Amino acid sequence: MVTENLLAVEENIQRACQRAGRDRKEVTLIAVSKTKPVEMIQEAMKSHITTFGENKVQELLEKQKIITQPLDWHLIGHLQRNKVKQIVGRVTRIHSVDSLRLAKQIQNEFEKSGETAHILVEVNMAKEESKFGLMPEETEDVLREIAAFPNIRVHGLMTIAPYVENPEENRIHFRNLHKLLVDINHKNIDNINMDELSMGMTGDYEVAIEEGATYIRVGTGIFGNRIYIS
Ligand SMILES: *Cc1c(COP(=O)(O)O)cnc(C)c1O
């Protein structure tokens, strides 16, 4: 199933890139494997997927114990400050830096090991109460402060768009995130030169690609529906 799903997703990505006049190489597919067994990750690896997204530190570390091949692991979910020390040296990107306090903690923990954290800052573009992320208006000020942290490199912005029936409804949020990134880059803030946009999930990644996504985070579309047992 994973293999077939990946073929279909890849075709959709290529078509969206074509529509947008973009090179396929500009878009990285993150296979969001949260809640899914390592066997499914291994199946995706057979289709040459090397970038995986997890949203829980514990689950990420458990999977890394079993799968020892070098992969790009991206942390995409809300990160608690007391978990930061566990991911030092273990993730390619943290997509979900949603506060200055969290960034400070990342700076402190990565500094202890002489590592650099490669991050994206999460923005709550639709201003949903239920979601993490900075408000668009405060993003520039927070970035100016994060820019001073020597062990953090900010690569771009991330957003989780609302759940919608029609993906076109989210186009405005993707477009606005892209615009926010361009606007902030134009201010020539020291140490801030962002070129990554993490946006688009199973329901709306094609629209996100049309609006400039460089990372799309696709879970259900690759691995099927998730079953949560609490
Ligand atoms: C679960 C998750 C995804 C993937 O969602 P799908 O709709 O299954 O593709 C993407 N981004 C984040 C932050 C997630 O937590």
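Can you tell which of GLN58, GLN64, GLN42 is among the polar types (S, T, N, Q), assigned to a helix (DSSP H, G or I), within 16 Å of the ligand (Cβ to nearest atom) and surrounded by fewer than 19 Cβ atoms within 10 Å (Cβ to Cβ)?
Details: GLN64 fails: within 16 Å of the ligand (Cβ to nearest atom); GLN42 fails: within 16 Å of the ligand (Cβ to nearest atom).
Every option except GLN58 fails the conditions.
Looking at (1) among the basic types (Lys, Arg); (2) closer than 18 Å to HIS78 by Cα; (3) touching a residue at least 24 places away in the same chain (Cβ under 8 Å), find the lone condition where LYS187 falls short.
Here LYS187 meets the rest and fails (2).
Hey, does the range 114-132 have a residue that's within 16 Å of the ligand (Cβ to nearest atom), of a type in the set (Ser, Thr, Tyr), surrounded by fewer than 23 Cβ atoms within 10 Å (Cβ to Cβ) and part of a helix (DSSP H, G or I)? Lay out the reasoning, then the answer.
Our first condition is that a residue be within 16 Å of the ligand (Cβ to nearest atom); within the range 114-132, this holds for 119-126, 128, 130-132.
Next, only the ones that are of a type in the set (Ser, Thr, Tyr) stay: 130.
Now restrict to residues that are surrounded by fewer than 23 Cβ atoms within 10 Å (Cβ to Cβ): 130.
This time we only want the ones that are part of a helix (DSSP H, G or I), so: none.
Scanning the range 114-132 turns up no residue that is within 16 Å of the ligand (Cβ to nearest atom), of a type in the set (Ser, Thr, Tyr), surrounded by fewer than 23 Cβ atoms within 10 Å (Cβ to Cβ) and part of a helix (DSSP H, G or I).
Taking ASP190 and the conditions (1) surrounded by fewer than 23 Cβ atoms within 10 Å (Cβ to Cβ); (2) away from the ligand (no atom under 16 Å from the Cβ); (3) at pLDDT 95 or above, which numbered condition does it fall short on, given that it satisfies the others?
Tallying (1) surrounded by fewer than 23 Cβ atoms within 10 Å (Cβ to Cβ); (2) away from the ligand (no atom under 16 Å from the Cβ); (3) at pLDDT 95 or above, ASP190 fails exactly one: (3).
Just to be sure before I move on: is GLN14 over 27 Å from PHE149 (Cβ atoms), modelled with pLDDT of 95 or more, away from the ligand (no atom under 13 Å from the Cβ) and among the polar types (S, T, N, Q) in the structure I sent?
When the stated conditions are applied, GLN14 passes them.
Kindly indicate the residue of the range 85-113 that is of a type in the set (A, V, I, L, M, F, W, C) and more than 26 Å from ALA213 (Cβ to Cβ) and also surrounded by the most Cβ atoms within 10 Å (Cβ to Cβ) among those meeting that condition.
So, considering only residues that are of a type in the set (A, V, I, L, M, F, W, C) and more than 26 Å from ALA213 (Cβ to Cβ), the one surrounded by the most Cβ atoms within 10 Å (Cβ to Cβ) is PHE110.
Residue pairs, Cβ under 6 Å, 6 or more apart or interchain, first in the range 85-99 and of a type in the set (Lys, Arg) and away from the ligand (no atom under 12 Å from the Cβ), second in a helix (DSSP H, G or I) and at pLDDT 95 or above. List them.
What qualifies is LYS85/GLU109.
Among the numbered conditions (1) out of contact with any helix residue (DSSP H, G or I) (no Cβ under 7 Å at 6 or more places or on another chain); (2) without any contact (Cβ under 8 Å) to a residue 12 or more places away in the chain, tell me where THR50 comes up short.
(2)
Identify, from the list LYS34, LYS25, the residue that is closer than 30 Å to GLU210 by Cβ, under 18 Å from the mean Cα position of the chain (by Cα) and in a helix (DSSP H, G or I).
Details: LYS34 fails: in a helix (DSSP H, G or I).
Going through LYS34, LYS25 in turn, the sole match is LYS25.
The values are calculated or read from the model by the stated rules, or taken from the named source; none is laboratory data. No experiment lies behind these values; they were computed from the predicted model shown. Cβ sites come from the backbone with ideal geometry, for glycine too, and all protein chains shown count toward neighbours.
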